[in-house]
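Here's the structure, in structure tokens; my notes come after.
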Amino acid sequence: MRVLVAEDDQALAARLAEALAQAGLVADLARDGREAAFAGCTERYDAAVLDLGLPHQDGMGVLRHWREQGVAMPVLILTGRSRWSDKLAGFGAGADDYLTKPFLMDEAVVRLQALIRRARGHGTPVLQVGPLRYDSHAGDFSLGGQRLVFTAQEQRILAYLMHRPDCVVSRSEIAEHVYARDLDPDSNTLDVLIGRIRRKLGQPLIHTERGRGFRLSAGDGLA
Ligand code: CA
């Protein structure tokens with residue numbers, strides 16, 4: 001899952017990106033409102049963290065721009081403005097959640113995870129595909145009750161597939177949601193990683209849909 005962090009306080013943005021990475025999420029940073037407005041409309045993010053006090057364009061203006069352009073990703077506003085009227089204005093502009101500074105990193109992360117999960121139609125943090133279980137809150141995978149250990153990259157790919165069960169997910173879609181903006185993954189790398197995940201699963205849960213991508217399903221492999 002890929003998150004846009006629009007925050008001009010660079011130390012805070014870096015700490016947030018690190019906390020997100022530890023939770024298995026990839027973060028792209030935008031340091032001002034113009035960059036945030038552009039990135040949110042041109043890249044596919046699973047969620048955004050949006051500071052309201054941004055240079056060049058205020059966060060509220062960025063949010064309105066995204067919503068006018070049909071960008072529907074969940075947005076968590078992060079700001080020092082704690083007045084009720086500010087919060088109302090944020091929700092009115094299309095925000096999904098609101099966190100006032102100072103805040104706990106862990107709280108920002110769990111709120112984002114919850115927003116991402118709900119945007120994908122999942123009511124609880126535990127996702128299940130056949131015998132494969134993913135606790136998106138704890139970041140744990142298990143198969144038939146046995147814990148599975150994945151590398152960070154493998155985990156990000158499988159977590160994305162778990163959020164899209166029984167759907168054909170293209171290579172480019174996986175790349176867009178699993179890698180940060182400045183990384184250009186080649187498809188060989190993705191094949192190698194999928195191969196490793198399959199070996200660890202030991203069961204045919206990830207099906208290749210020729211020319212279309214991959215599908216995570218406990219079914220028989222028929223699309
Ligand atoms: Ca700021």
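The values are calculated or read from the model by the stated rules, or taken from the named source; none is laboratory data. Model, not experiment: these values are computed from the prediction. In this analysis, Cβ positions are derived from the backbone assuming ideal geometry, glycine residues included, and neighbour counts consider all displayed protein chains.
If you check GLN146, GLN113, GLN153, GLN128 for being away from the ligand (no atom under 16 Å from the Cβ), within 15 Å of the chain's Cα centre (by Cα) and under 22 Å from HIS207 (Cα atoms), only one passes: GLN153.
So is HIS177 in a helix (DSSP H, G or I), closer than 21 Å to ALA17 by Cβ, at pLDDT below 95 and of a type outside the set (A, V, I, L, M, F, W, C) or not? Yes; evaluated as a whole, the condition is true for this residue. Filtered by the rule that a residue be more than 8 Å from the ligand (Cβ to nearest atom) and either assigned to a strand (DSSP E or B) or hydrophobic (A, V, I, L, M, F, W, C) (or both), the range 48-57 gives ALA48, VAL49, LEU50. Could you go through the range 58-77 and let me know if any residue there is of a type in the set (S, T, N, Q), free of Cβ contacts under 8 Å to residues at least 40 places away in the same chain and more than 14 Å from the ligand (Cβ to nearest atom). For the range 58-77, residues of a type in the set (S, T, N, Q), free of Cβ contacts under 8 Å to residues at least 40 places away in the same chain and more than 14 Å from the ligand (Cβ to nearest atom): present. Quick check: anything in the range 88-110 of a type in the set (Phe, Trp, Tyr) and within 16 Å of the ligand (Cβ to nearest atom)? Scanning the range 88-110, I find at least one residue that is of a type in the set (Phe, Trp, Tyr) and within 16 Å of the ligand (Cβ to nearest atom), so the answer is yes. Against the list (1) more than 14 Å from the ligand (Cβ to nearest atom); (2) within 24 Å of ALA152 (Cβ to Cβ); (3) at pLDDT 95 or above, the condition VAL5 fails is (1).
Taking the range 18-33 as the range and being more than 14 Å from the ligand (Cβ to nearest atom), out of contact with any Lys or Arg (no Cβ under 7 Å at 6 or more places or on another chain) and either assigned to a strand (DSSP E or B) or more than 19 Å from ILE116 (Cα to Cα) (or both) as the test, only ALA27 passes.
Would it be correct to say that ALA39 is farther than 19 Å from ASP97 by Cβ, surrounded by fewer than 21 Cβ atoms within 10 Å (Cβ to Cβ) and in contact with an Asp or Glu (Cβ under 7 Å, 6 or more places away or on another chain)? Here the answer is yes, as ALA39 does meet what is asked.
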